[in-house]
Amino acid sequence: MKQLAPLEMVQHLKEVLGSNGQMVHVEDIVARKAIYVRIPEELSENTKSALKYMGITNLYSHQAESIMACLAGKNVVVSTMTSSGKSLCYNVPVLEVLSQNMSSCALYLFPTKALAQDQLRALLAMTKGFDTTLSVGIYDGDTSKMERRWLRDNARVLITNPDMLHMSILPFHKEFNRILSNLRFVVIDEAHAYRGAFGCHTTFIFRRLRRICSHVYGSDPSFIFSTATSANPREHCMELANLSTLELINNDGSPSARKPFALWNPVSRLGGSDEDGSVSEHKRTSPISEVSYLFAEMIQHGLRCIAFCKSRM
């Protein structure tokens, strides 16, 4: 079968599988060049050498802006596109502060264990460039009792999730006295995931964390959020942690390739007959079936594809 370029594929789908008008909108998103800036002079030589160790000689503009805002003690939300280097926006200021103050700690929260594991690898790779030891570890349901005890006593960066914060950390906060007393940053990645009932529950957990830090341990950590798909990131994150101030970083300085964007609306078909013999109202084709057809068609024409869904079924 003939291989097609992305724009050719859009036209092919419109004329073949979408011949009944399923493709209701097509938009050509133009390419964008990267906006680079120098690594801020305010960063320590320790941090600069760590960035150099990772092969980073310049930063995207939004990375430098967010790093300086975090180091100024502001609550920050970074809202830029996927793969724009958002993890560097919080890893750099966190490691900068923790390498300067040997008692400071940070808490990282991710909605899934997979994200936590990815971040652990990124952090460990970055800390190799530091000349000071920064103990980093994951505290979740898979962590053994021995590891948990060690992390409570030694971790400077504790990576966990809202469920563990609710069930295993805040109810036993006295065991985390060292971390909570010296908590400088709370990093919340994938902030857009905290919506609906899950988001409502998580909001109360974050507010409880802030109350315990303030009233029991005298700490006031800065919050750093990151999100790629939120329409109102500043308002959402302020509500999420009950913050009075929050700086929004959304001027994306990362590069972006040209993207054809198509909106597909499943075709409406006639339903079955009612008891009186009349035809029931129109019903739309299952989105899962539609995506399956589209996915198979694109693969057959040589395009690399990825589908996001809640189930692999």
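Where a number appears in this text, it was derived from the coordinates with a stated rule and is not lab data. Predicted, not measured: the structure shown is a model, and the values here were computed from it. Reconstructed Cβ throughout: ideal geometry from the backbone, glycine too, with neighbour counts over all protein chains shown.
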Could you run the Karplus curve 6.51 cos²θ - 1.76 cosθ + 1.60 with θ = phi - 60° over segment 145-162 and give me ³J(HN,Hα) per residue in whole Hz, x for Gly and Pro? 4, 5, 5, 4, 4, 5, 5, 4, 8, 10, 5, 9, 10, 9, 9, 8, 9, x
Pulled fully out, how much extra length does the chain show between Tyr36 and Arg258, if you take 0.36 nm times their separation in residues and subtract their Cα-Cα distance? 78.0 nm
For the chain, what does -39500 (n - 2.57) per DSSP helix run (n ≥ 4), summed and divided by total residues, give at 222 nm, in deg cm²/dmol to the nearest 500? -11500 deg cm²/dmol
By average Cβ neighbour count within 10 Å, what is the ranking of 223-232, 236-245, 294-303, 141-150 from highest down? 223-232, 236-245, 294-303, 141-150
Apply the Karplus parameterisation 6.51 cos²θ - 1.76 cosθ + 1.60, with θ equal to phi minus 60°, to every residue of segment 249-259 and state each ³J(HN,Hα) to the nearest whole Hz, in sequence, with x for glycine and proline. 10, 9, 7, 5, x, 7, x, 8, 7, 5, 9
So between Lys113 and Ser292, what do we pick up on full extension, going 0.36 nm a residue minus the alpha carbon distance? 61.7 nm
With springs only between Cα atoms under 10 Å apart, run a GNM on the chain and tell me which of Met23, Met102, Met126 wobbles the most. Met23
Taking amide H atoms as placed 1.01 Å from N in the peptide plane, list the residues 5 or more away in sequence, or in a different chain, whose amide H sits under 5 Å from that of Gly137. Val157, Ile159
From the phi angles alone, apply the Karplus equation (6.51, -1.76, 1.60; θ = phi - 60°) to segment 180-186 and give each ³J(HN,Hα) in whole Hz, x where the residue is Gly or Pro. 5, 5, 10, 6, 9, 9, 10
Want the number for Asn232 to His201: 0.36 nm per residue separation, take away the alpha-carbon distance, what's left? 9.2 nm
With Cα springs under 10 Å, the Gaussian network model of the chain assigns the largest mean-square fluctuation among Glu42, Glu175, Glu290 to Glu290
Using +1 on the beta carbon of Lys and Arg, -1 on that of Asp and Glu, and nothing else charged, what's the dipole of the chain about the Cα centre, debye to 20? 780 debye
